[in-house]
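Inspection log for the structure reproduced underneath, given as structure tokens.
A short reminder: the numbers here are calculations on the coordinates, not readings from a lab. None of these values were measured; they are calculated from a predicted model. Note: ideal-geometry Cβ built from the backbone for every residue, glycine included; neighbour counts use all protein chains shown.
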């Protein structure tokens, strides 16, 4: 464990960023966590104040500050609405890493991140084994949603309704790809992401189908690692560095026009978070990160902005009602909002019905859902009500993590409303 003086010194390095917060309270109005708890320490302004006190040695409670920092969805709502332009996610992620370096990782997190996540081959084998035996502990909850629940009380699963691990993950169905572009001219590097690979492999298959239809060349190297955000969000700088370095090495082997992902969180992490941590990497690696981040696109943005897919203005018979949920990392971090809607409109079998507050956080927040499931569900209940009130038969989104949260909410409510990735709706037009 590092000396507490070193902790103060490292936090002082964030002082300029902390000072930009004017304590105006605008973050209160948009924070989904604060809306549920009403606690000042749960909102960005309160967390920044605690960091300032800790950095000034006015507060000798790094563990308490870490608990408050960890109690955050990292949805970016505060940053997107901050009139002072405070880089909240930058501050929180770096502060988590600093305090974790002082306190050390828990034994459980060391096993998960450094023992498994940082070793993609071993991680894949472990989850493939888990997929084979998961039926012993789970049972089907909803056929429409493809959800399951625990057969008996298991602490980790609790009352969740979840999508089980795929029996055959994408990396086993298609270990690698390297195809030349046709008339589509572009060649893309494809980064499926962990959830797509291990829970929604059909989404990766759909992405490849779409690329092939448009004659887009595909480079998908074997052995891809996690984007690193779960580790960094827990303050594990060491695992984050390993994962980024592994991926950079893989994608540096081939030239391509864009790196494309179907996961809002992976896109945001590669494009925004990787370049946020230059002090973690060598100059050469930082140059590679900047280059890759500059060509990283969400798959919705690639199809609309690069390929020019447009539903046009033609009249059509009203189709199956579908509503759309804006993932936080897609709209608030990347500004991608209209593109998914254009792809939905391109399918004449659907009619888009906007829900109330489509960009309100669904409450998933990655590891937040694991650590604070009760609050995650309370936040999600608002999203559930908005989906139901839209009277749609399908809810679409652009993030596999949001899909898991929405499936859980709908399944527990007993609603037979389909949950689809926007790409799946667009791909139906290609059949």
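Rounded to the nearest 10 degrees, the angle from helix 120-133 to the longest Cα principal axis of the chain is 60 degrees.
Shape class of the range 4-103 from the alpha-carbon gyration tensor: prolate, with a/c at 1.5 or above and a/b greater than b/c. Short-range pairs are left out: with C-alpha atoms under 8 Å and at least six residues apart, the relative contact order of the chain is 16 percent.
DSSP bridge analysis restricted to the chain gives an antiparallel fraction near 25%, rounded to the nearest 5. Relative to the longest principal axis of the Cα atoms of the chain, the long axis of helix 201-213 lies at roughly 60 degrees. Normalising the average separation of contacting C-alpha pairs (under 8 angstrom, six or more residues apart) by the number of residues puts the relative contact order of the range 310-430 at 31 percent.
Descending by average beta-carbon neighbour count within 10 Å, the peptides 101-114, 331-344, 412-425 line up as 331-344, 412-425, 101-114, the highest first.
Mean residue ellipticity at 222 nm, helices only, the chain: -12500 deg cm²/dmol; runs of at least 4 DSSP H residues each add -39,500 (n - 2.57), and the sum is divided by the number of residues. Once the Cα atoms are used to define both axes, helix 88-103 deviates from the longest principal axis of the chain by about 60 degrees. Normalising the average separation of contacting C-alpha pairs (under 8 angstrom, six or more residues apart) by the number of residues puts the relative contact order of the range 136-210 at 23 percent. GNM remark for the chain: springs join alpha carbons under 10 Å apart, and the peak mean-square fluctuation among 197, 408, 310 falls on 310.
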